[in-house]
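Below: one structure, written as structure tokens.
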Amino acid sequence: MKNTIPETATIIPSDFIIIGGTGHLSMSKIIPALFWRFIDKQIDQKSNIILCDREIKSKENFEKLQKTFCVEAFERDKINQKHWENFLKIITIIKLDVISGEGHLELLEKLKEKFDPNRPIIFYLAIASNLFGNSCKFLRDSGLNVPQSRIVIEKPIGKDKVSAEEINNQISEVFSEKQIYRIDHYLGKETVQNLMALRFANTFFENQWDNKNIDNVQITVSETAGVKDRIDYYNQYGAIRDMLQNHLLQLICLVAMEPPSYYEADQMRDEKLRVLKALKPLDQNEIQTGQYRSFSDELGKNSNTETFVALKVMINNWRWAGVPFYIRTGKKLSTRASEIIITFRPKPHDIFSKFKHDNIESPNRLIIRVQPEEGLKLKLTSKAPGPGGMRFFPSELNLSFGDTFPDRLPDAYERLLMDVVRGNQTLFMRSDEVLAAWDYIDPIVKLVKKQDPQLYRTGTMGPEDKILMLDGRQWLDPKDE
Ligand code: BG6
């Protein structure tokens with residue numbers, strides 16, 4: 001069955017101020033997301049986008065550079081070229097230094113034109129988290145922490161719990177929790193939200209969703225790309241802080257959380273927080289790190305930073321006691337895939353045991369494919385047709401979102417930016433969640449300092465497994481599932 005994506009309503013006119021506006025995050029994610037929303041007429045000419053940066057390229061240079069990031073939009077549709085010219089009309093570039101305050105008058109002048117308490121002003125801090133405090137002070141000193149202001153910040157917030165607390169305190173001296181949007185873009189991905197729909201808009205799976213029925217959960221977020229021009233940042237953070245502390249822990253939370261009473265920001269976040277607080281501290285043999293072979297060469301010096309991490313997560317509560325969540329993520333691996341695989345327990349009794357010799361039997365599995373080729377698959381065992389007795393074959397129910405919704409699926413940033421305008425914090429992290437995530441991660445960082453990451457070849461799935469084998473299991477290859 002083919003469906004079309006429901007139409008979106010135009011948002012109220014807003015000002016988007018991107019600090020770090022000509023940097024990599026802004027160019028590669030934020031501006032293309034706003035452009036797509038403009039193409040879809042969700043943002044119109046009444047909104048403003050103000051890019052602020054210490055070093056600015058001329059508008060002409062910026063346009064050339066930016067066009068390369070928005071190329072997907074042009075490739076899809078020639079009309080988008082026209083939209084692009086109109087889109088540029090709502091963009092202003094301002095040279096601004098949040099530490100010295102240089103450029104603030106120009107920003108104020110621009111905002112004054114349309115200043116209205118009903119018009120959201122969104123400050124997106126697309127800069128390193130150690131500059132968040134100064135940026136907030138700058139906004140306060142410039143009188144921009146008005147009730148209609150919202151501030152958007154990116155993960156990872158800090159490098160550990162102490163620095164995250166410090167950053168949270170600096171921000172909350174200026175903005176209230178209701179004004180702070182901590183982005184984890186994995187929460188904005190279509191299939192991640194579909195996981196909520198699958199669990200809580202249906203009865204079918206929720207009845208099976210516990211340690212009586214589930215044997216283990218595997219979550220893989222594998223990337224084929226390396227760290228490219230972010231190598232200095234990455235060398236300080238590594239896979240544990242860059243991916244595990246946020247994206248992967250959030251995925252665990254969504255799989256494991258109890259149903260909230262309502263799909264509302266604080267109720268969702270309360271339930272996710274409970275999961276984070278129930279995570280069992282790791283033992284040394286439950287974690288493994290790796291580094292792709294050319295990493296130190298790319299960096300130009302020796303480094304112990306992990307570009308791969310795998311771990312066995314246990315959740316100390318009644319629903320999940322005894323069910324391992326095996327998690328892995330890494331760079332320069334063989335496939336680009338983000339996938340959650342839920343393996344159900346074997347049946348309690350096999351009425352077909354006498355046919356076993358010519359049967360293929362595989363456990364029931366639910367595969368939630370976050371990207372690419374978003375969709376859900378349920379692996380079952382079926383009878384092979386024919387009069388030759390009971391012979392089985394592995395079959396699958398396959399719901400591919402690409403087939404069901406042939407239109408382009410919006411990127412996570414598009415959805416999340418529109419949620420900021422609407423004042424909906426459901427898909428954003430609360431400060432206590434971030435701190436609870438660090439509570440789990442800080443000891444892990446200490447633990448891995450004691451071991452050197454194992455080197456692995458580019459194009460493999462990381463170092464040879466040392467965790468699942470202890471439980472008599474193995475990683476399921478995302479390509480085969
Ligand atoms: C970012 C990480 O948050 O997520 C990157 O900093 C990573 O290192 C990226 O590559 C992965 O996002 P996606 O949407 O491409 O899976």
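Structure notes:
- All conditions but one from (1) open to solvent by less than 20 Å² (accessible area, probe 1.4 Å); (2) in a loop (DSSP other than H, G, I, E, B) apply to residue 388; the one that does not is (1).
- Conditions (1) within 14 Å of the chain's Cα centre (by Cα); (2) over 30 Å from residue 100 (Cβ atoms); (3) assigned to a helix (DSSP H, G or I): number failed by residue 241: (2)
- Scanning region 162-172 for any residue that is in a loop (DSSP other than H, G, I, E, B) and not basic (Lys, Arg) turns up nothing.
- Exclusive hit being away from the ligand (no atom under 16 Å from the Cβ) and not basic (Lys, Arg), set 412, 436: 436
- Checked against the criterion of being outside any loop (DSSP other than H, G, I, E, B) and open to solvent by 10 Å² or more (accessible area, probe 1.4 Å), the candidates 132, 123, 138 yield just one match: 138.
- Whichever residue in region 448-481 is in a helix (DSSP H, G or I) and open to solvent by 30 Å² or more (accessible area, probe 1.4 Å) and, among such residues, is modelled with the lowest pLDDT: 449
- Scanning region 38-90 for residues that are open to solvent by 10 Å² or more (accessible area, probe 1.4 Å), among the β-branched types (Val, Ile, Thr) and closer than 28 Å to residue 128 by Cβ turns up 56, 68, 71.
- Residue count for region 180-197 satisfying the condition of being more than 16 Å from the ligand (Cβ to nearest atom) and either at positive phi or open to solvent by less than 30 Å² (accessible area, probe 1.4 Å) (or both): 2.
- One residue alone among 415, 369 is at pLDDT 85 or above, in contact with a Leu (Cβ under 9 Å, 6 or more places away or on another chain), among the charged types (D, E, K, R) and part of a strand (DSSP E or B), and that residue is 369.
- Some residue of region 132-152 being farther than 16 Å from residue 430 by Cα and within 16 Å of the ligand (Cβ to nearest atom): no
- Restricting attention to region 213-227, the residues being surrounded by fewer than 16 Cβ atoms within 10 Å (Cβ to Cβ) and within 9 Å of the ligand (Cβ to nearest atom) number 1.
- Residues satisfying the stated conditions in region 173-204, i.e. modelled with pLDDT of 90 or more and of a type in the set (A, V, I, L, M, F, W, C): 174, 175, 180, 183, 187, 195, 196, 197, 198, 200, 201
- Note on region 141-169: among residues that are open to solvent by less than 20 Å² (accessible area, probe 1.4 Å) and among the β-branched types (Val, Ile, Thr), the one that is modelled with the lowest pLDDT is 157.
- Residue 329 vs. criteria within 16 Å of the ligand (Cβ to nearest atom) and in a loop (DSSP other than H, G, I, E, B): no
The values are calculated or read from the model by the stated rules, or taken from the named source; none is laboratory data. Everything quoted here is computed from the prediction, not taken from an experiment. Virtual Cβ from ideal backbone geometry, glycine too; neighbours counted across all protein chains shown. For the accessible areas, the whole protein counts, side chains as well, though only heavy atoms, and no ligand, DNA or RNA atoms are used. Shrake-Rupley method; radii C 1.70, N 1.55, O 1.52, S 1.80 Å.
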